Amino acid sequence: MPDVVLPVLDEAEALPWVLSRLPEGYRAVVADNESTDGSAEVARAHGALVVTASPRGFGAACHAGLLAADPGDGVVCFMDADASFDPQELPRVVAPVLAGEAELVLGRRVPTARGAWPLHARLGNLAVARSVSRRTPYRLHDLGPMRACSRAGLLALDLQDRRFGYPLEMVLAASDAGWRVREVDVAYAPRTGRSKVTGTPLGTARAVKDMRRVLAEVDQARRRPRSA
């Protein structure tokens, strides 16, 4: 069954619930990104494989978890560890990959309560999703952090971003590789604990800045003439 990469930065409060909700047969790979609240110890106590991800950065944590995932498993999942997603929904995200219907599946967030997805974060995400739609065959509504794909296939895409642009680069590289991408609705609840990213306007601005940089880099690479 799939490994589930959980990029973690100070999520000790949320991890017990998240790890207890993993479906049977799914293994948690906690990529601890320089937490100072004992997240790594909490994760180990709840049976997760813990790897150290450095330097600090969302993409760095995702990549460290990807490398640590079991090479024998065909599918790897990614999910935030702040209890905003219910791991029990992972099988629905994984199913199209296992069925050979898609190479990458994104969880389209459906808020369950007011405040689960702040307006500034939703607008920033929508702007980036529209940029992706202009550059790819995909008509996406969300660049959701709950997703599933082939581990070997993702490694072959050779993603380079180690900051907040990692999820966007994954979709753009998937397009260049001819992958089929699907969205599956997933519930999105208010997170546990203090948000470091999209829960704050500054965090959202940083994420959007990183994603715009990735878009610019991809556009530049696509304009380069191909060698004969």
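Values in this text are rule-based calculations from the coordinates and carry no lab data. Source: prediction; values computed, not measured. A quick note on method: Cβ atoms are made from the backbone with ideal geometry, for glycine too, and the neighbour counts reach across all protein chains shown.
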For the chain, what is the percent of antiparallel DSSP beta bridges, rounded to the nearest 5?
25 percent
For region 118-124, what does the Karplus curve 6.51 cos²θ - 1.76 cosθ + 1.60, with θ = phi - 60°, yield as ³J(HN,Hα) per residue in whole Hz, taken in order and with x for Gly and Pro?
x, 4, 5, 6, 5, 5, x
Relative to the first principal axis of the alpha-carbon coordinates of the chain, what is the inclination of helix 201-223, with its axis defined by its Cα atoms, in degrees from 0 to 90 and to the nearest 10?
40 degrees
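Local charge sum around ALA48 (other residues, Cβ-Cβ under 14 Å, Lys/Arg +1, Asp/Glu -1)?
-2
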Can you give the Rg/Rh ratio of region 3-221, where Rg is from the C-alpha atoms and Rh is the Kirkwood radius?
0.92
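In terms of the Cα gyration tensor, with a ≥ b ≥ c the square roots of its eigenvalues, is region 92-228 rounded because a/c is under 1.5, prolate because a/b exceeds b/c, or oblate?
Working: a/c = 2.04, a/b = 1.29, b/c = 1.59.
Since a/c reaches 1.5 but b/c is at least a/b, the shape of region 92-228 is classed as oblate.
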